[in-house]
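A short worksheet on the structure shown next.
The values are calculated or read from the model by the stated rules, or taken from the named source; none is laboratory data. Small disclaimer: the values here were computed from a predicted structure and weren't measured. Quick reminder, even Gly has a Cβ in these numbers, built from the backbone with ideal geometry, and neighbours come from all protein chains shown. All accessible areas refer to the heavy atoms of the entire protein, side chains included, with ligands and DNA or RNA removed. Shrake-Rupley method; radii C 1.70, N 1.55, O 1.52, S 1.80 Å.
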Amino acid sequence: MNTASDLNDPKRMVERGYDKVAHEYARLEGEIEWPRMRWLKKLLNKLQPGSSVLDLGCGSGDPADIEISKEHKVTGVDISRTQINLACQNVPTGHFIHGDAGSVEFSKESYDAVISFYTLEHIPRKEHETILRRIYRWLKDGGFMLISIEAGDFEDVLGEWLGVPMFISCFDPETMKQMVIDAGFELIDTAIEIQVEQNNDVPFLWLLAHKR
Ligand SMILES: C[S@@+](CC[C@H](N)C(=O)[O-])C[C@H]1O[C@@H](n2cnc3c(N)ncnc32)[C@H](O)[C@@H]1O
């Protein structure tokens, strides 16, 4: 149950929400495939076998981390304990951490790639710049970042999603792209892609970038 205090603590709200809807979310992708695996393939084509990949907001690990783990080492972070438990089952070779992508820390230059799909919009947008700069620090030289984020301009909006209260916060796509560049990245590929969720068209900004 969400309490009044959750409204002052959006991360707690998101954590409780995903703990509750993890299984419904896993069934949300319908017959029209989301662009996620197509973008992931673009990244995987650039990695050497045995690369270290970090997934922020890894969810259940299905399908992205299952695919990545066929050739690479996966570390996943998720704020939902239910999602982390599912990820441990779905990707037995992965290393999964129950934590907040906004405050988790890793060593400098420890990953060949960092991905984050459909997650940053659940984190207050005032934290996005810092997260991008942290990702940059964790990447090895020439490492890659692939992220997707809802393509909207929402300042800390509370709504309902899959029957639970949910928090959304993101900058408009042009601001987001500039923040990625300002963090030191070079953009390789970017597009806004529409995906279908329960008969609704939802636009997401996809960004593939590398550390110069
Ligand atoms: C829409 S799901 C996406 C899951 C997965 N990346 C995918 O492609 O299906 C968003 C995930 O981000 C997680 N999440 C939200 N806020 C987070 C935060 N601050 N730190 C870590 N994970 C977070 C949620 O628990 C949820 O599993």
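Taking the criterion of being small (Gly, Ala, Ser), more than 8 Å from the ligand (Cβ to nearest atom) and in contact (Cβ under 8 Å) with a residue 60 or more places away in the chain, the only residue of segment 97-134 that qualifies is Ala113.
Looking at the structure I just gave you, is Ala87 more than 26 Å from Asp141 (Cβ to Cβ) and among the hydrophobic types (A, V, I, L, M, F, W, C)?
Details: more than 26 Å from Asp141 (Cβ to Cβ): yes; among the hydrophobic types (A, V, I, L, M, F, W, C): yes.
It is true that Ala87 is more than 26 Å from Asp141 (Cβ to Cβ) and among the hydrophobic types (A, V, I, L, M, F, W, C).
Is it fair to say Leu47 is among the aliphatic types (A, V, I, L, M) and assigned to a loop (DSSP other than H, G, I, E, B)? Give the steps one after another, and end with the answer.
Values: among the aliphatic types (A, V, I, L, M): yes; assigned to a loop (DSSP other than H, G, I, E, B): yes.
Spelling it out, Leu47 is indeed among the aliphatic types (A, V, I, L, M) and assigned to a loop (DSSP other than H, G, I, E, B).
If you go through segment 96-110 one residue at a time, how many are closer than 24 Å to Lys42 by Cβ and surrounded by 22 or more Cβ atoms within 10 Å (Cβ to Cβ)? Please lay out each step first, then the result.
So in segment 96-110, the residues closer than 24 Å to Lys42 by Cβ come out as 101, 106, 109-110.
From what is left, the residues that are surrounded by 22 or more Cβ atoms within 10 Å (Cβ to Cβ) are 101.
Number of matching residues: 1.
Counting only strands (runs of 3 or more DSSP E) that fall entirely inside segment 150-212 and contain at least 3 residues that are open to solvent by 70 Å² or more (accessible area, probe 1.4 Å), the qualifying elements are 154-161, 185-197.
Residue check: Tyr118 meets all listed conditions (1) part of a loop (DSSP other than H, G, I, E, B); (2) more than 17 Å from Val202 (Cα to Cα) but one, namely (2). For segment 8-22, the candidate set comprises residues that are assigned to a helix (DSSP H, G or I) and open to solvent by 20 Å² or more (accessible area, probe 1.4 Å); within that set, the residue that is nearest to the ligand (Cβ to nearest atom) is Tyr18. Name the single residue that is surrounded by the most Cβ atoms within 10 Å (Cβ to Cβ) among those in segment 60-95 being near the ligand (Cβ under 8 Å from one of its atoms) and touching a residue at least 40 places away in the same chain (Cβ under 8 Å). The qualifying residue surrounded by the most Cβ atoms within 10 Å (Cβ to Cβ) is Asp78.
Residues are listed down the side, and each one gets a yes or a no for (1) within 13 Å of the chain's Cα centre (by Cα); (2) closer than 30 Å to Pro165 by Cβ:
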| residue | (1), (2) |
| --- | --- |
| Ile84 | no, yes |
| Val114 | yes, yes |
| Arg125 | no, yes |
| Lys140 | no, no |
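Say whether the condition of being among the basic types (Lys, Arg), closer than 15 Å to Ser148 by Cα, at pLDDT 95 or above and over 16 Å from the mean Cα position of the chain (by Cα) is met by at least one residue in segment 42-54. Yes.
From the list Leu47, Leu54, the lone residue that is buried (at least 23 other Cβ atoms within 10 Å of the Cβ), touching a residue at least 60 places away in the same chain (Cβ under 8 Å), of a type in the set (A, V, I, L, M) and more than 9 Å from the ligand (Cβ to nearest atom) is Leu54.
Test of understanding: among Arg125, Arg81, Arg133, which residue is touching an Asp or Glu at 6+ places or on another chain (Cβ under 8 Å) and closer than 17 Å to Ala183 by Cβ?
The match here is Arg125.
Is there a residue in segment 23-41 that is away from the ligand (no atom under 12 Å from the Cβ), open to solvent by 70 Å² or more (accessible area, probe 1.4 Å) and among the hydrophobic types (A, V, I, L, M, F, W, C)? Yes, some residue in segment 23-41 is away from the ligand (no atom under 12 Å from the Cβ), open to solvent by 70 Å² or more (accessible area, probe 1.4 Å) and among the hydrophobic types (A, V, I, L, M, F, W, C). Number of residues in segment 129-139 that are in contact with a Phe, Trp or Tyr (Cβ under 7 Å, 6 or more places away or on another chain) and either open to solvent by less than 20 Å² (accessible area, probe 1.4 Å) or of a type in the set (Lys, Arg) (or both): the value is 2.
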